Amino acid sequence: MIDIRAVIAGLGLVTPLGNGVEQNWAALLRGSTGNGNLTLFPTPDDISFPVGEVAVQLFHEGLPRTHQLAVIAAKEALGGINIAPDAVVIGTTTGGMSRTEDLLKKKVSDPSLFSRHGAGSVAEYLASELRCRGPAITISTACSSGAAAMALAVALLKTGQFQRILAGGAESLCRLTYHGFNSLQLIDPKGARPLDRDRKGLTVSEGAGMMLLMAETGIPDPETIEILGTGLTCDAHHPASPDPEGNGAFKAMKGALEDADITASKIDYVNLHGTGTIDNDLAEAKAFHRLFHGKTPPCSSIKGAVGHSLSASGAVEAVVSANCVKKGAAPPNTGYLTPDPRLNLRPLEEALEAPIKTVLSNAFGFGGGNASLVIGKNPKGRGDGLRPPATFHVVGLACITGAGDLSQTLKTFMQGRSCQGRLSNEEISKPLSSRSVRRLKRLSRLGLNLAEGAFKHAGIENRPDSVFLGTGWGALSETHDFLKQLYETEERFSSPTDFIGSVHNATAGRIAIKFNARGPNITTTGGDHSFEQALLSAQLLAEDDEAPLLVMGADEFHPELSPLFDPSVRETETPSDGGGALLMRRSESGSGTKVGVVFYESANENPLVMEALVNALGGTEKIAADFGAILAGLPAASRMEGKKQLDSFLKMAGFSGPVIDYRKYVGEFASASAVAAVLGSALLKTSVIPDTLAKDNDVPLNGKGILLLGLGNCVTAVSLHDGKVKT
Amino acid sequence: MTNLIDEMRIKIIDTLKLEDVAPEDIGEDEQLVGGELGLDSIDVLELVIMIEKDYAVKIDNKELGARVFANLKTLTDYIAEKSPKDLS
């Protein structure tokens, strides 16, 4: 058996304490704080509190701050080695928001200036700069994003298909987070004092943490530091407050220990999430005591020193945790003065020097997402065998398009008619109880409708335990309304409800609450390939059990923001939105469509990408034997390029079956491929591609599958099959 | 004072989009948070913004909020006492 270990080959860090791991480390051990005054944007005189602002000179005027912070940390992690990583996995929530806010404030409407708005654009920019041809995946699960990105990177390495992955998190300060946390009254006016009796909240900050992770086999060097285990859970409790019992946090930590195959007694230091909010620290302390049963290891939160860099924080702290092992030291809990009897926790008041072999690092966030990592030297000198992506079979389907729900969409599609357009808010809210959705805007309503629809369609009793949702642009209504109110009130007032709802993972978090789904809850975002990222994440991160899981894609059309952000939306006359949901079970057997991502590469400077696709699918003969039809995703903005890619594929593969240009039916929106996956699964059941879609005659599938191709700036392939999933 | 209470009933319903609640459903002494209205801490924060915006009254910490938002009466009493605006 091949053992694959996720070895940490490089670290990169930029925080309000400084640039680079060494500078940060020295300042952390001294107990310095990077919290200070905000200079990045003006605020009203009476709204003023400390923030953690990075003081590094940035290099590129036209590039959003998050991207620049990401590049700084990435370059350090790669250590000047000029070898492209095989994949990039980044956790971020606001992406290019700081720049978007400035542009919207000035009422700039040139869409080219918003081209790096998307959270997914950070990973895409890094991948392009580093000439990475593999997948550039973005996890957007609020404050657990950076740690969840590390977990996904480890899972990718363990498939055996990747050698070097750049993984981390990046986030820049912006009005959305500054005013958003203030509207929630979660800011400590004196600066964060995690775990202190008198703590009042967090300090919003920015930064980036990156790791170069490498798949290694064989006997490890005893000094090698690895990510030994990861644990992902969801509270399924509340959109913005932790479960007061810390159940999700406990389960994430326990899961990470089990994954690392070690007991709690082996943990030498815990880097706490420790935001400094009253509720987080209480819940985390409960989970901590439950895990360690009175034999508590040294612990601290570094958020009094570097602030809370939100989506980046999990990655920043993973980097610090790895450095703790490397240096044999741990940083103090800066800002802490007075013990809180309710916590019964004494964090490090001074730097600890001790042999630290194994560290547990926590990151929790809005939407109830929890991510824990075990980082350290490998005590056993061995890792896991290969963990190939899981295979799933579909047990329930749902979709929403301009034509209506699944049955209406399917009927219209099978007649070869357009399903473009969008349903009214009233229409998508019909199956949802008005009280449960009164605070939710369009994307969350779409998501809940889809999730409930797929569950009903399945007609099973077991509720989904985990949720994987891809969204190209996230909650546009909430983002828009938050900023609109802020600007209309001269930056004095903003809605806490809109702030909570604006995070990309608000929808998946809502679905988790609805189904009490306490397993991994992952939201991915990457333009037109967001759904494929969600499906791939599910194949890599879903728990190894029989519980059903939801894999979905959804996007809302927003009249002002969608045309600014999504170039394909600008090319269409019929605004469209909606999404698709597949309720699935992990299994090798069982009836129902088998679904899985079988190919994912960037098309950027990758001339052989279509050849690679043909090879990944097993070559000409195998493609003809496996697939009876192709659903091709040609986003309007990259239609020419996509068409060339498709033609090249068809020629190389010698494929002569029906090719359905599905965006012509579904419409132009980022997660249109989720609808296509649902329609493909439904087509498989009928075993025939009707003449209305196949052009001339009905084309029987004869037991063959359907290939769902995503084209344009990336090339992705999803296999839909009644037989075994081809991986 | 009655005016302010009636006004507040409507503002609460509008701000929190309580479509299935009629103004008279919100009793003066009825528990606002965690009661039958189904309001929680986020709703309170949303009302905090509305009250600061419309009445120039700040309720900027949890302890004060818990006291002020006990019921409609405590809320309107506090606004009447603190607001620089003429509420009569």
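Mind checking whether some residue in region A:187-201 is modelled with pLDDT under 95 and either under 26 Å from residue A:298 (Cβ atoms) or out of contact with any Lys or Arg (no Cβ under 8 Å at 6 or more places or on another chain) (or both)?
no
So in region A:219-234, with the set limited to residues that are part of a loop (DSSP other than H, G, I, E, B) and touching an Asp or Glu at 6+ places or on another chain (Cβ under 8 Å), which one is nearest to residue A:168 (Cα to Cα)?
A:224
Starting from residues that are under 20 Å from residue A:156 (Cα atoms) and of a type in the set (Ser, Thr, Tyr), keep the ones in region A:520-564 and report whichever is surrounded by the fewest Cβ atoms within 10 Å (Cβ to Cβ).
By that ranking, first place goes to A:537.
Only residues that are buried (at least 21 other Cβ atoms within 10 Å of the Cβ), more than 14 Å from chain B (Cβ to nearest Cβ), part of a loop (DSSP other than H, G, I, E, B) and not hydroxyl-bearing (Ser, Thr, Tyr): list them for region A:176-204, please.
Across region A:176-204, the qualifying residues are A:191, A:192, A:193, A:194, A:195, A:196.
Of all residues in region B:66-79, which are surrounded by fewer than 19 Cβ atoms within 10 Å (Cβ to Cβ) and over 17 Å from residue B:10 (Cβ atoms)?
Result: B:66, B:67, B:70, B:74, B:77.
Tell me, which helices (runs of 4 or more DSSP H) wholly within region B:4-88 include 1 or more residues that are within 13 Å of chain A (Cβ to nearest Cβ) and of a type in the set (A, V, I, L, M)?
Qualifying helices (runs of 4 or more DSSP H): B:41-55, B:62-68.
Show the residue pairs meeting these rules: Cβ distance below 7 Å; 6+ apart or different chains; first residue within region A:412-423 and under 18 Å from residue A:562 (Cβ atoms); second residue surrounded by fewer than 16 Cβ atoms within 10 Å (Cβ to Cβ).
Note: pairs meeting the criteria are A:420/A:574; A:421/A:574.
Looking only at region A:488-514, which residues are more than 10 Å from every other protein chain (Cβ to nearest Cβ) and assigned to a loop (DSSP other than H, G, I, E, B)?
Residues satisfying the conditions are A:490, A:491, A:503, A:504, A:505.
Looking at (1) among the hydroxyl-bearing types (Ser, Thr, Tyr); (2) surrounded by 20 or more Cβ atoms within 10 Å (Cβ to Cβ); (3) farther than 27 Å from residue A:181 by Cα, which one does residue B:2 not meet, given that it meets all the others?
Failing condition for residue B:2: (2).
Quick one: in region A:232-270, of everything that is over 30 Å from residue B:40 (Cα atoms) and buried (at least 24 other Cβ atoms within 10 Å of the Cβ), which residue is farthest from the other protein chains (Cβ to nearest Cβ)?
Ranking the candidates gives A:260 first.
Is there a residue being in contact (Cβ under 8 Å) with a residue 60 or more places away in the chain, more than 12 Å from residue A:670 (Cα to Cα) and hydroxyl-bearing (Ser, Thr, Tyr) anywhere in region A:537-552?
Yes, some residue in region A:537-552 is in contact (Cβ under 8 Å) with a residue 60 or more places away in the chain, more than 12 Å from residue A:670 (Cα to Cα) and hydroxyl-bearing (Ser, Thr, Tyr).
Checking residue A:517 against (1) more than 12 Å from the chain's Cα centre (by Cα); (2) buried (at least 24 other Cβ atoms within 10 Å of the Cβ); (3) outside any loop (DSSP other than H, G, I, E, B), which test does it fail?
(3)
So how many residues does region A:254-283 have that are part of a loop (DSSP other than H, G, I, E, B), within 23 Å of residue A:197 (Cβ to Cβ) and hydrophobic (A, V, I, L, M, F, W, C)?
Residues in region A:254-283 being part of a loop (DSSP other than H, G, I, E, B), within 23 Å of residue A:197 (Cβ to Cβ) and hydrophobic (A, V, I, L, M, F, W, C): 1 in total.
Within region A:253-291, take every residue that is in contact with a Cys (Cβ under 9 Å, 6 or more places away or on another chain) and hydrophobic (A, V, I, L, M, F, W, C) and give me the one that is nearest to residue A:384 (Cα to Cα).
A:270
Which residues, counting only those in region A:202-224, are modelled with pLDDT of 95 or more and of a type in the set (Asp, Glu)?
A:206 - this is the single residue of region A:202-224 that is modelled with pLDDT of 95 or more and of a type in the set (Asp, Glu).
What residue, among those in region A:71-88 that are closer than 20 Å to residue A:157 by Cβ and crowded, with 23+ Cβ neighbours inside 10 Å, is nearest to the chain's Cα centre (by Cα)?
Applying the filter and picking the extreme gives A:88.
The values are calculated or read from the model by the stated rules, or taken from the named source; none is laboratory data. For clarity, every value in this text was computed on a predicted model and none was experimentally measured. Neighbour counts are summed over all protein chains in view; Cβ atoms, including those assigned to glycine, are modelled from backbone coordinates with ideal geometry.
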